[in-house]
Amino acid sequence: MSNAKRITTLMALLAMGCLTVSAESILDRMRTRDIANWQYIDYYLHIFVTQYENYPFVVRTCIVILLVSCISIFCFTILLISQKIKDNRNNWYYNSLYNRYYAKLVEISSARENMDYQEVADRLGIAERQRQRLRKGSRMFVLGRLLMQVKSEYYDTYNQANIQQIVRAFGLREHMEHVFTFGSKTRRLRAMQLAQFLMIDVPESILVRLLNSSSTTLRKEVRMYYLWLCDYDPFRFFEDASYDYEYRPWDSLEIHHLLRARKRAGKEMPSLPPVVSVCPDDRLKACLIREVGFWGKPEEVERMEHFFHSNNIDIRMAAIDCMGIARSARAEHKLVELYPAQVKRVQLHTLKAIMQIKSGNAVGFLVRAWADCTVMSVKLNLLLCLWHYSDLGREEFARLEHHATGQDRILFGQVRAFTGVYKKTTA
């Protein structure tokens, strides 16, 4: 072998050795390479995607459902834990306010004499530093919860003027105004419900901004609150047919509560018959007709009698209920005349109204109606009405019971059981 070939062979062997050493060095560095944390996520996501594409469609769908379920459960768990922590914190703060102020709030809100602001503030012992603490987070709503409990427990004896001074002393009214202006929809709704129950006088200029809120519930509550707040035209939103109003049974309770609050506060009670005549919603109209029985004058109650002939059964029953609530003896003979031509539902409302009126002139009608009736539920209500109507009614009840037979006799026993005199009469 020549020297040139030897040199060539030697150089080739050296090159192969260098390449081998270099390859081993690179491989060793790849095995021990450090990567960032986010690169781990990218690496595993890459593996998951490449393997995920090879799975059948059913398996891929199941994987997606499982991932979404796990993520949802995790998120809901975090929300529940955070809400539980928040509730526990609010309950702890409520208990601290209860121990500090409950007895004082009961004493002030139940007092017959009206107190001025300084006297209420001195009794409560509220410093400016405490007012600043109350404005943090949802503490004002916790305080409102305490005030609502005090008012609900002493609803028949509370002094509205003193409650307003309590609200002023704690700075609750200013907080409500701030929430109405800058708060979220949820906080605004909570503030509106709190203002309704405590009858906080919020400036109308602030509420006007909420009349066109995107929240239908908030818009409705603001319009409801005008029943208490507005003195010159509290029902203007109920008279407007263009107002997007949707009745719900809870509205009847709210309307009655707000009108009752006006009465107790000495505010002028609005005339309801004009509102009834133009009200576009029949269910709301029926509600307002019943309210006439509570707050209307005798001539206003009399104007509701023409609804006895309404084609709408709900309005007809509301007019009958109005007569019973107002105890209109004048309307009793009309109720007696219309009774035979009414359907069962209206007949039951008629009997209830007659029982509430108790003029003493309908005993003969009740006895005749009992003799002519064949529906057991109506007969039971006739006996109840006869029993509660008057002493003469009870005498007729005893006479009818003496001659009763079969199932009728069971009805008499049920009436005596309802009225708590069953054992007395059978002993």
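Taken over region 179-200, the criterion of being open to solvent by 50 Å² or more (accessible area, probe 1.4 Å) and not in a helix (DSSP H, G or I) is satisfied by Ser184 alone.
Those residues that are aliphatic (A, V, I, L, M), at pLDDT below 65 and open to solvent by 100 Å² or more (accessible area, probe 1.4 Å), I need them from region 19-66; list them, please. Result: Leu19, Met30. Checking each residue in region 354-382 for being open to solvent by 50 Å² or more (accessible area, probe 1.4 Å), hydrophobic (A, V, I, L, M, F, W, C) and in a helix (DSSP H, G or I) picks out Met355, Ala371, Met376.
Considering the conditions (1) free of Cβ contacts under 8 Å to residues at least 12 places away in the same chain; (2) more than 31 Å from the chain's Cα centre (by Cα); (3) open to solvent by 70 Å² or more (accessible area, probe 1.4 Å), Ala127 is excluded by exactly one of them, (3). For region 262-306, a residue qualifies if it is of a type in the set (Gly, Ala, Ser) and crowded, with 17+ Cβ neighbours inside 10 Å, and the qualifying residues are Ala286, Gly293, Gly296. Being over 15 Å from the mean Cα position of the chain (by Cα), modelled with pLDDT under 90 and within 30 Å of Val142 (Cβ to Cβ), is that true of even one residue in region 233-246? No, every residue in region 233-246 fails to be over 15 Å from the mean Cα position of the chain (by Cα), modelled with pLDDT under 90 and within 30 Å of Val142 (Cβ to Cβ).
Just to be sure, is Tyr94 surrounded by 12 or more Cβ atoms within 10 Å (Cβ to Cβ) and not charged (D, E, K, R)? So Tyr94 passes the test.
Scanning region 97-122 for residues that are loosely packed, with under 14 Cβ neighbours inside 10 Å and either polar (S, T, N, Q) or in contact (Cβ under 8 Å) with a residue 60 or more places away in the chain (or both) yields Asn99, Asn114, Gln118. On the stretch given as region 398-414, residues that are surrounded by 10 or more Cβ atoms within 10 Å (Cβ to Cβ) and of a type outside the set (A, V, I, L, M) total 7.
The values are calculated or read from the model by the stated rules, or taken from the named source; none is laboratory data. Please read all numbers here as calculations on a predicted model, not as lab measurements. No Cβ is skipped: glycine too gets one built from the backbone with ideal geometry, and neighbour counts run over all protein chains shown. The area values use the complete protein model at the heavy-atom level, side chains included, leaving out ligands, DNA and RNA. Shrake-Rupley method; radii C 1.70, N 1.55, O 1.52, S 1.80 Å.
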